[in-house]
Each structure stands twice: as structure tokens, then as C-alpha cells.
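Colleague: To start, I am sharing the structure in question, which I have written as C-alpha cells.
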Amino acid sequence: MTTHLFSPWLSIPALQNLFNLFEKEGAILRLVGGSVRDGLLGLPVSDIDLAVDRDPHWVMTLLKKNHIKAIPTGIDHGTVTAVLDKRPYQITTLRVDVKTFGRKAHVAFTENWVQDALRRDFTMNAIYADKNGHLFDPVGGLKDLQAHRVRFIGKASLRIKEDYLRILRFFRFSARFGHEPYDAEGLEACGLYASHLPHLARERVTEEFLKLLELPSPLYALDAMKESGVLAYITHPGTWENLKALVAIEKAAHIDPAPLLRLATFHPALAEIKVNLRLSKKQESALSFFMRKHTSVTVTSFKHQAYLWGKDRTFDLILLQTAHQFANSEISLEEGIHTLKEMHRLFDPWTVPPFPLTGKDLLSHGVKEGQDIGILLKAVEAWWTSQDLEPDREACLAYLSTLL
């Protein structure tokens with residue numbers, strides 16, 4: 001079992017300078033959370049979070065004294081952001097929760113590293129590392145990480161009652177890092193307290209659920225959410241088959257997952273989704289589009305449909321339709337992949353052209369302002385799209401003449 005974190009980013013000069021600065025002043029600074037977890041798994045690391053056994057105001061003073069940009073990001077909760085070489089490093093004072101209410105809490109600062117670890121959610125998120133990569137693992141997170149087991153720290157019920165969003169985080173982390181079987185205590189507690197999910201801010205639930213749907217393999221978590229009764233507080237999938245087919249095609253064709261496309265395969269009612277999730281207007285519009293019935297996109301219809309909907313959305317619709325056909329055994333996986341590749345080969349290089357005419361063209365062509373310019377424009381546009389969007393301006397004007 002490894003006792004070291006070996007990651008190239010650990011030797012970043014700015015990060016090492018931070019470690020040395022705090023060490024010189026007698027403080028202990030350690031990495032914690034996602035950077036340690038993902039670093040141990042050999043995954044890319046973007047955010048670097050650190051913990052320190054000093055008061056946040058002391059941290060602010062130290063950084064400013066050494067001409068390091070210091071931002072009091074959440075100083076009341078112990079968090080200060082240090083910016084070095086244009087990169088942020090969040091430094092949070094060790095703390096204990098005095099009272100919790102959702103994602104917020106009244107905290108007290110401490111110098112006790114074990115107490116700080118005990119307030120976190122999962123054991124794999126409570127592994128600390130010093131500047132040399134030496135690990136401090138007070139709650140057995142490394143063992144769970146190596147076993148691909150997502151486990152709450154201490155009693156699962158207590159961790160969940162501190163913030164019920166941890167129910168969804170349990171399933172998302174399990175889908176990303178876990179293997180079967182689930183931690184039995186955690187799974188049981190999630191089902192027991194799932195009825196509290198509707199009382200959370202819908203924005204938080206939406207963000208967490210869409211993050212889960214964006215993972216490469218969400219089915220592992222979604223199946224467990226359905227069996228435990230958790231999923232019923234978010235949506236009631238009509239079927240899993242289209243989602244399973246979509247995930248299989250995405251993997252085989254190396255397509256990045258799109259959470260809204262996956263949500264559309266559930267065949268839920270949009271009204272039901274809006275009760276439990278809060279989507280942006282853009283997200284709601286896209287989901288509504290994907291959930292409607294459309295004529296099949298074919299080689300001959302693609303240009304017309306791409307003109308109406310945009311290329312990206314049309315390609316998304318092809319993906320959904322292909323998944324539906326695969327789920328219904330109308331095509332094989334290989335046939336579906338071939339269809340997608342062929343459509344991209346034909347139309348990736350193609351650019352959707354703008355309609356060549358405007359109202360001014362009609363006026364300059366002898367159409368009087370009193371006439372219904374809009375109706376004439378739409379008639380010419382309909383003819384132009386029926387001609388595969390190929391006629392140029394002169395051809396469109398010639399067709400206009402036949403309507404006058």
C-alpha cells in the first residue's frame with residue numbers, strides 16, 4: 001500500500017514556495033481533498049486545496065507580508081485563496097462544525113487534524129499530503145480508495161443529516177470511483193433520508209444530478225438510486241433501455257457524454273422534471289427539443305434540418321435516434337457507429353449557409369412596402385431549403401419573380 005503521493009504537479013515551484021513559507025513560520029500546511037484523491041488515482045488535477053493549522057486572518061497577514069495576492073474567499077469559514085503565478089490555491093483553516101444547515105455551517109477553528117477530517121463527507125476525501133507527498137490518513141481513506149469503495153466518515157446517517165445533498169454525492173462518487181458492492185450502511189442511509197431531497201435548493205440538486213449524468217458510466221449509480229428509492233425524488237424514468245444504448249454508443253464512438261441528452265432518454269415528462277430540477281432557460285429549451293418527436297435525420301434531410309436547428313443539435317438528434325434504434329434491436333451497435341461516422345464525415349466540413357435574401361432585397365426588386373414581405377420571404381425560403389440550400393441570391397430572386 002502506497003504511503004506517498006507521486007504527482008508532477010506536486011513539484012510546482014509556486015506550490016512548494018507556499019509549503020516552505022508556512023513551514024518557516026512554524027505552521028503545518030497539507031494538501032487535502034480532490035487533489036490528493038485524484039493524484040493517488042493518477043487522474044488529472046485542476047483545483048489544489050490545502051489545509052492549515054492556523055487562523056485565516058493569520059494566513060491573510062502572512063501572504064500579504066510576503067507580497068502574495070490573498071483573497072478572503074470565505075474567511076468566516078476559514079478559507080483564503082492565495083494566487084501565485086496566476087493560479088489559485090485555496091487554503092482553509094482546520095475546523096469543526098458547531099452547527100450544520102445544508103452546505104453552510106457554523107464552524108470553530110482548531111489545530112486538530114483528526115477533528116478536521118471527521119467533518120468531511122467521504123473517507124477518500126479526507127486524505128492529506130505534505131510537500132513531499134507523505135500521506136496523513138486519519139480515517140482510512142487510502143484503503144477505501146484502493147478498494148474503490150465510497151464510504152461515509154463515521155456514521156453515514158450523521159454525515160447525511162449535515163447536508164442531504166451528500167445522498168446524491170454518494171451515488172456520483174460511487175459512479176466515478178466505486179465498484180460493487182456499495183457500502184451497505186451508506187446505501188441504506190441514502191434511501192432512508194431521500195425524502196429530504198425535495199427540501200433542498202433545486203439548483204443544488206440539479207447541479208449534482210447533471211454531474212452524475214455526465215460521468216462516463218452513470219448506470220451503476222442510477223440503478224442503485226432507483227432500487228433504493230432515491231431516484232423517485234428526482235424523476236421517474238419510463239425506461240432504461242435508451243439510456244443504456246446511448247451510453248454504449250458514446251463509449252464505442254468516443255463521444256463525450258451530454259447530460260441533457262441522457263436525461264431525455266428517460267422519457268420523463270418535462271413538467272415533472274421542472275418540479276424537482278431547476279434548469280436554465282437554455283437547458284429547458286434543449287431538453288424540450290430532444291423530448292419531442294422529430295422526423296428521422298437522413299443524409300438527404302440533414303442540411304434542411306441543420307438549417308432549422310443548427311448542426312450541433314441535429315447531430316445530437318441523430319445520436320438519440322441511433323440509440324433508440326439500437327435499444328429496439330432495429331440496428332446493431334456496429335451499424336449505429338457506422339451511421340454516426342458517415343454523417344459526420346459528410347457534414348462536418350459543411351457550413352450552414354445563411355438565407356441569401358432579406359426584406360431589402362424584395363423592396364429593391366419591385367415589391368412594394370404594402371405587400372406582405374414576410375409571407376413572400378418565407379415562400380422563397382421554403383423553396384430554397386427544398387433545393388438543399390444551394391440556390392444563390394440571383395436564383396432566389398428569379399424564383400421570387402415567379403411569385404409576383
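Read-outs throughout are calculated quantities, based only on the coordinates presented, and are distinct from any laboratory measurement. Since the model is a prediction, treat every value here as computed from it, not as a measurement. Methodologically, a virtual Cβ is constructed for each residue, glycine included, from the backbone with ideal geometry; neighbour enumeration extends over all protein chains shown.
Colleague: If amide H atoms are built 1.01 Å from N in the plane of the peptide, which residues on other chains or at least 5 residues away come under 5 Å of the amide H of Thr73?
Modeller: It is Thr81, by chain and number.
Colleague: May I ask what percent, to the nearest 5, of DSSP beta bridges between residues of region 20-106 are antiparallel? Intermediate results must be reported in sequence, preceding the final value.
Modeller: On the way: 16 of 20 bridges.
Once the DSSP bridges in region 20-106 are tallied, antiparallel ones form about 80 percent.
Colleague: Still on this structure: Could you give the length gained on full extension between Lys143 and Asp256, defined as 0.36 nm per residue of separation minus the Cα-Cα distance, in nm?
Modeller: So the chain would gain 37.6 nm between Lys143 and Asp256.
Colleague: Computed from the coordinates I sent, Rg and Dmax of the Cα atoms in Å equals one of (i) 21.2, 64; (ii) 29.5, 122; (iii) 27.7, 88. Tell me the label.
Modeller: (iii)
Colleague: If each residue's Cβ is checked for other Cβ atoms within 10 Å, how do Val297, Val247 rank with the fewest at the top?
Modeller: Sorted ascending by nearby Cβ count, the order is Val247, Val297.
Colleague: Please identify every one of the trypsin sites (Lys or Arg not before Pro) in region 312-371 that sits in a loop by DSSP and has no more than 15 other beta carbons within 10 Å of its own beta carbon. Each step should come with its number before you reach the end.
Modeller: Details: sites: Arg313, Lys341, Arg345, Lys360, Lys368; in loops: Lys368.
In loop regions of region 312-371 (DSSP not H, G, I, E or B), the sparsely surrounded trypsin sites (Lys or Arg not before Pro) are Lys368.
Colleague: Explain nothing, just compute: Karplus ³J(HN,Hα) = 6.51 cos²θ - 1.76 cosθ + 1.60, θ = phi - 60°, for every residue of region 207-216 in order, whole Hz, x for Gly and Pro.
Modeller: So the J values, rounded to whole Hz, are 4, 5, 5, 5, 4, 5, 5, 7, 5, x.
Colleague: Of Thr235, Thr265, how do they rank once you tally other Cβ atoms within 10 Å and put the fewest first?
Modeller: Thr235, Thr265
Colleague: Anyone know which of Leu222, Leu168, Leu376 comes out most mobile in the 10 Å Cα GNM of the chain?
Modeller: So, out of Leu222, Leu168, Leu376, the one fluctuating most is Leu376.
Colleague: When the dipole is taken about the Cα centre of the chain, and only Lys, Arg (+1) and Asp, Glu (-1) are charged at their Cβ, what size is it in debye, to the nearest 20? Don't jump to the answer; show the numbers that get you there.
Modeller: On the way: 48 positive and 48 negative charges, 216 e Å.
Once rounded to the nearest 20, the dipole reads 1040 debye.
Colleague: While we're here: What Kirkwood radius, in Å to one decimal, follows from the Cα pairs of region 148-234?
Modeller: Numbers: mean 1/r = 0.0793 Å⁻¹.
Computed over region 148-234, the radius equals 12.6 Å.
Colleague: Which GluC sites (Glu not before Pro) from region 330-373 combine a DSSP loop assignment with at most 13 other Cβ atoms within 10 Å?
Modeller: Answer by residue number: Glu330, Glu369.
Colleague: Just to check I understand the Karplus step: with θ = phi - 60° and J = 6.51 cos²θ - 1.76 cosθ + 1.60, what whole-Hz values come out for region 19-30, glycine and proline as x?
Modeller: 4, 5, 4, 5, 4, 4, 8, x, 8, 9, 10, 9
Colleague: Right, next: Picking from His294, Ala175, Asn66, whose Cα lies most toward the positive end of the charge dipole for the chain (charges on Cβ: Lys, Arg +1; Asp, Glu -1)?
Modeller: Comparing the listed Cα positions along the dipole, Asn66 ranks first.
Colleague: Label Leu404 and Gln16 with points 7 Å out from Cα along Cα→Cβ: what is the distance between them in nm?
Modeller: 7.7
Colleague: Something else about it: Let me spell out the model: positive unit charges on the Cβ of Lys and Arg, negative unit charges on the Cβ of Asp and Glu, origin at the Cα centre of region 148-234. What dipole size does that give, in debye rounded to 20?
Modeller: In debye, rounded to 20, region 148-234 gives about 200.
Colleague: Applying 1/(1 + (r/R0)^6) with R0 = 35 Å to the Cβ-Cβ distance of Ser296 and His199, what FRET efficiency is obtained, to the nearest 0.05?
Modeller: That pair, Ser296 with His199, gives E of 0.25.
Colleague: Ranking Arg87, Arg149 by Cβ neighbours within 10 Å, fewest first, what do you get?
Modeller: Arg87, Arg149
Colleague: Running a GNM on the chain with Cα contacts under 10 Å, which residue among Ile318, Ile127, Ile373 ends up with the highest mean-square fluctuation?
Modeller: Top of the fluctuation ranking is Ile373.
Colleague: What is the dipole size for region 359-403, taken about its Cα centre, with +1 at each Lys and Arg Cβ and -1 at each Asp and Glu Cβ, in debye to the nearest 20?
Modeller: 200
Colleague: Any of Lys211/Lys303; Lys281/Lys311; Lys161/Lys244; Lys131/Lys155; Lys24/Lys131; Lys24/Lys64 with alpha carbons more than 22 Å apart? Name them for me.
Modeller: As for pairs spanning more than 22 Å Cα to Cα, those are Lys211/Lys303; Lys161/Lys244; Lys131/Lys155.
Colleague: Count the DSSP beta bridges whose two residues both fall in the chain, then state the antiparallel fraction as a percent rounded to the nearest 5.
Modeller: So the antiparallel bridges in the chain amount to around 85 percent.
Colleague: Another question, then. Compare Val380, Val150, Val114 in a GNM of the chain, Cα atoms joined below 10 Å, and give the one with the largest fluctuation.
Modeller: Val380
Colleague: So what are the ³J(HN,Hα) numbers for region 112-122, from phi and the Karplus equation (6.51, -1.76, 1.60; θ = phi - 60°), rounded to whole Hz, Gly and Pro as x?
Modeller: Residue by residue, region 112-122 yields 9, 5, 5, 4, 4, 5, 5, 8, 7, 7, 10 Hz.
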